[in-house]
Amino acid sequence: MAGWWPALSRAARRHPWPTNVLLYGSLFSAGDALQQRLQGGEADWRQTRRVATLVVTFHANFNYVWLGLLERALPGRAPRAVLAKLLWDQVVGAPIAVSAFYTGMSILQEKDDIFLDLKQKFWNTYLLTNFSLVPVQWRTAYTGVCGFLWAIFVCFSQQSGDGTLKSAFTIFRTKWTSAIEGSPEK
């Protein structure tokens, strides 16, 4: 078991693109599965497959290329470079990623209005990312970890919420409280 980290590090150095895409896709898909579990319902593996399909075919690749472009255009970890990357990511990258998620999921779910979720939830799901502490070769994987947490939220939002953290916390708190109140006392 101790040998998995060196093997993963070697893979990331030798084959950074597929390694990062697979890590990102795995983490994002796991985020969808976890948010379903947190809601207390049955696992919808078709939904998780749709998320995995979208993430591996678009999101992970987009993030890998996008982060590489940002690093080439704005190299380094100096505060000015980090701030510029953050700004560009939030002004250009994040809107593309959020729009592609809502629209792509609507297409895969065969919804009549593929832009409805995007119109209703886009502004509520717009967040920030930090580039300053993560080495270049791990940035896509790092965004995959962030994507895992983000996937829990955005998949919940797409399926049940309104795109706000408040709605996610309210539903999870209600389900948690119900589970605690319904459990037998010791």
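Quick notes on this structure:
- At 1.306 mPa s and 10 °C, Stokes D of the stretch 4-61 from Kirkwood alpha-carbon radius, µm² per second: 130 µm²/s
- Equivalent ellipsoid dimensions for the stretch 1-143 as semi-axes, Å, which come from the Cα gyration tensor, largest first: 27, 21, 13
Only the coordinates and a few stated rules stand behind these numbers; no lab work does. Here the structure is a predicted model, which is why all the values come from computation and not from measurement.
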